[in-house]
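FYI, it's all coordinate maths here, none of it is from the lab. Fair warning: this is a prediction, and the values are worked out from it, not measured in the lab. Counting neighbours? That spans all protein chains shown, and the Cβs are built from the backbone with ideal geometry, glycine included.
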Amino acid sequence: MVDFIVQLLIGAFNGISIGSVLLISALGLAIVFGLMGVINLAHGELMMLGAYTTFFVQNIFNALGDPWAQVYTIAAIPAAFLVAALVGLILERGVIRFLYGRPLETLLATWGVSLILRQLVRTTISARNVDVTAPAWLRGGLQIPTGNIPIQLPYARMFIIVLTIACVVGVYFFLNASSWGLRIRSVTQNREMSACLGIPTATVDALTFAIGSGLAGIAGCAITLLGSVGPNTGQNYIIDTFMVVVVGGVGNLFGSIVSAMVIGIVTYLIGSGTFAVLLSPMDSMQPVVAFFEFFASSSMAKVMVFALIIGFLQIKPAGIFPQKGRTAEL
Amino acid sequence: MTNPTLEKKADTNRPSRPILNVSGLNVFYGESHILRNVDMSIRTGEMVCLIGRNGVGKTTLLKTIMGLLKPRSGSLQLFEQDIVKKSPDQRARMGIGYVPQGREVIPRVTVRENLLLGLEARPKGITKRNEIPDEIFELFPVLRTMLHRMGGDLSGGQQQQLAIARALMGKPQLLVLDEPTEGIQPSIILEIEAAVKGIIANTGISVLLVEQHLHFVRQADRYYAMQKGGIVASGDTQDLSQEVIQKFLAV
């Protein structure tokens with residue numbers, strides 16, 4: 001029984017951990033795509049730039065010596081936010097603002113931007129992946145003493161969960177309690193009327209896009225804790241981020257949170273073979289067990305999650321939390 | 001450049017200076033010619049009503065004044081300043097308060113936030129510690145009890161009152177009202193009418209009104225009648241003849 005509870009906790013932790021990575025990378029897109037309706041295929045590259053910013057901040061702090069080398073992550077988060085937000089701002093002012101209301105052109109143009117940014121990194125920095133080493137306090141993990149299976153909750157994973165919560169709370173208060181947040185909500189719900197009230201809509205668009213991009217930068221900083229960073233890093237995340245926003249319901253930040261967590265937990269449960277283990281004592285279930293064992297690896301789990309999402313979107317095309325009533329047309 | 005606010009106070013009682021001047025305005029939707037050589041002017045402190053049947057271009061004219069549509073030719077002056085090249089938000093900050101047809105309340109922000117958004121037309125915009133002034137609740141008492149409801153959840157009449165209140169939050173010099181009584185129950189029509197009269201009496205602002213209700217039309221000082229995209233008649237509302245009313249009002 002204790003074993004079962006321990007397994008459950010590990011499962012929950014890992015699922016939430018995968019969900020946090022999904023959520024932190026999708027949060028910026030939930031604003032840019034969800035609220036503004038801009039299909040930004042360069043979102044992954046903004047994450048990549050955030051990751052490289054973290055790499056450079058690490059190098060600078062390492063050069064400064066030990067007390068500094070331990071805290072570079074703290075400095076890298078705002079730096080990654082600012083770099084990605086600045087690039088996002090240039091992208092919005094230079095390209096996207098000319099394409100509002102034209103999703104297909106936006107899709108193509110931002111795809112082009114994504115190629116340019118990747119090539120830019122390849123030529124100016126290196127085509128090879130670089131490594132970001134987590135500071136000592138983020139290495140290792142919290143040991144939980146249990147009977148027979150020793151378990152460890154990695155600090156890096158816990159850090160990402162905390163960072164994700166901080167970002168979600170920050171975005172929530174910014175949108176709901178600040179005057180710029182109110183302007184953003186107004187413009188995203190009714191652009192023409194907002195302009196007629198005297199809200200500088202062009203400034204609001206630029207700011208909204210920059211904040212969404214900056215959040216991608218923070219996500220980039222977070223993913224350096226999970227693996228090495230290369231020009232193609234963003235490509236590994238772009239599909240997942242759109243998936244989270246679409247499943248959650250476009251335009252609904254809360255939907256993105258729920259959707260990221262559900263996708264994270266389901267991915268973990270399938271990938272770890274938990275279903276197979278749970279069903280294995282039952283003799284009649286052997287074919288089903290074999291089925292789940294076949295999918296019990298992280299890449300096969302992804303295949304199954306995709307299939308489930310496609311099925312889900314057939315039933316609820318507008319996501320978990322669809323927009324209701326009059327608002328739906330906006 | 002003169003400051004319109006200061007000067008307005010000096011001559012509130014004498015409607016003389018034009019606040020808005022429209023001349024030779026031509027507007028197209030694609031290739032169809034909607035407004036044809038429209039001339040119109042509104043003086044300080046004056047209430048002007050625009051009448052005409054459905055589809056003659058009244059709303060188009062208001063949208064062009066607000067900057068939502070671009071004229072192909074002609075001029076638009078606010079406080080003797082050319083505004084054709086100005087964006088809607090700049091025009092709002094220059095002193096036009098717009099209450100559009102269909103009210104266009106922001107649906108998923110609260111009534112209080114909708115009202116605060118009206119402050120964006122003022123130089124400071126929304127700030128941290130804004131309060132809704134009591135005058136707003138004196139004009140529209142129903143809003144006081146609804147401050148925390150979502151704008152989209154109000155009834156049509158309440159939304160209309162909210163839309164007018166929101167425009168007033170910006171302390172406009174010219175209030176533009178597009179069919180404020182359309183689709184609203186009669187008792188609330190009278191409330192809205194009384195509120196608009198009260199606003200004019202208290203603030204001395206100018207009002208441009210598109211309206212179908214004769215009773216409301218008669219409150220205006222002057223009228224312009226439109227037909228097929230052009231102004232075909234104008235004059236004092238006191239002189240509105242039965243013939244003109246039958247021709248231009250859909251009642």
How large is the dipole of segment B:18-248 about the Cα centre if only Lys and Arg carry +1 and Asp and Glu carry -1, each at its Cβ, rounded to the nearest 20 debye?
-> 720 debye
Please compute the Cα-Cα pair-distance distribution of segment B:22-157 with 5 Å bins starting at 0, giving whole percents from short to long.
-> 2, 8, 15, 18, 18, 14, 12, 8, 4, 0
Using only helices, what value at 222 nm comes out for chain A when you add -39,500 (n - 2.57) per DSSP H run of length 4 or more and divide by the total residues, to the nearest 500 deg cm²/dmol?
-> -23000 deg cm²/dmol
Ratio Rg/Rh, restricted to chain A and using Cα atoms, in which Rh is the Kirkwood radius | 1.00
Any idea what the relative contact order of chain B is, in percent, if you count C-alpha pairs under 8 Å spaced at least 6 apart?
-> 26 percent
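Would you mind giving the mean number of other chain beta-carbons within 10 Å of the Cβ of each residue in A:238-249, as a whole number?
Neighbouring Cβ atoms belonging to other protein chains average 0 per residue here.
Return a whole-number percent for the relative contact order of segment A:175-330, with Cα pairs under 8 Å and 6 or more residues apart as the contact set.
21 percent
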What percent of all Cα-Cα pairs in segment A:50-171 falls in each 10 Å bin, counting up from 0?
-> 11, 28, 30, 20, 8, 2, 0
Give, as a single signed number, the net charge of other residues whose beta carbon lies under 15 Å from the beta carbon of B:ALA194, with Lys and Arg counted +1 and Asp and Glu -1.
-> -3
If you count, for every residue in A:196-208, the Cβ atoms of partner chains within 10 Å of its Cβ, what is the mean?
-> 6
What is the Rg over Rh value, at two decimals, for segment A:147-255, using alpha-carbon atoms and the Kirkwood definition of Rh?
-> 1.08
Farthest towards the positive end of the dipole of chain B, among B:ASN54, B:GLN227, B:GLY102 and with Cβ unit charges of +1 on Lys and Arg and -1 on Asp and Glu, lies the Cα of B:GLY102
For chain B, what is the mean residue ellipticity at 222 nm derived from helices alone (per DSSP H run of n ≥ 4: -39500 (n - 2.57); sum divided by total residues; nearest 500 deg cm²/dmol)?
-> -9000 deg cm²/dmol
Segment A:2-329 - charge dipole about Cα centre, Lys and Arg +1 at Cβ, Asp and Glu -1, debye rounded to 20 | 600 debye
Packing-wise, with mean Cβ within 10 Å as the measure, how do A:303-310, A:136-143, A:215-222 rank, highest first?
-> A:215-222, A:303-310, A:136-143
With unit charges on the beta carbon (Lys/Arg positive, Asp/Glu negative), name the residue among B:HIS33, A:MET243, A:VAL289 whose Cα is farthest towards the positive pole of the charge dipole of the protein assembly as shown.
-> B:HIS33
Long-range amide H partners of B:GLY45, meaning residues 5 or more apart or on another chain whose placed amide H is closer than 5 Å, are B:SER206
The Rg/Rh figure for the protein assembly as shown, Cα atoms and Kirkwood Rh, to two decimals is 1.09
Rounded to 5, the percent of DSSP beta bridges in the protein assembly as shown classed as antiparallel | 60 percent
Normalised by the residues of chain A, what does the relative contact order come to in percent, with Cα pairs under 8 Å and at least six apart?
-> 32 percent
GNM result for chain A, Cα springs below 10 Å: residue of A:GLY37, A:GLY94, A:GLY28 fluctuating most strongly | A:GLY94
Give me the net charge of B:VAL38's neighbourhood, meaning all other residues with Cβ under 14 Å from the Cβ of B:VAL38; Lys, Arg count +1, Asp, Glu -1.
-> +4
Count of lysine pairs, segment B:64-223, Cα-Cα under 29 Å, sep. 8 or more residues or interchain, comes to 13
List the aspartates and glutamates whose alpha-carbon lies under 17 Å from that of B:LYS247, not counting same-chain residues fewer than 8 positions away?
-> B:GLU211, B:ASP236, B:ASP239
Segment B:104-175 to segment A:1-38: how many Å between their Cα centroids?
-> 39 Å
On a C-alpha basis, how far is the centre of segment A:238-276 from the centre of segment A:50-103 in Å? Whole number, if you could?
-> 26 Å
Between 0 and 90°, nearest 10: helix B:186-203 axis offset from chain B longest Cα axis | 90 degrees
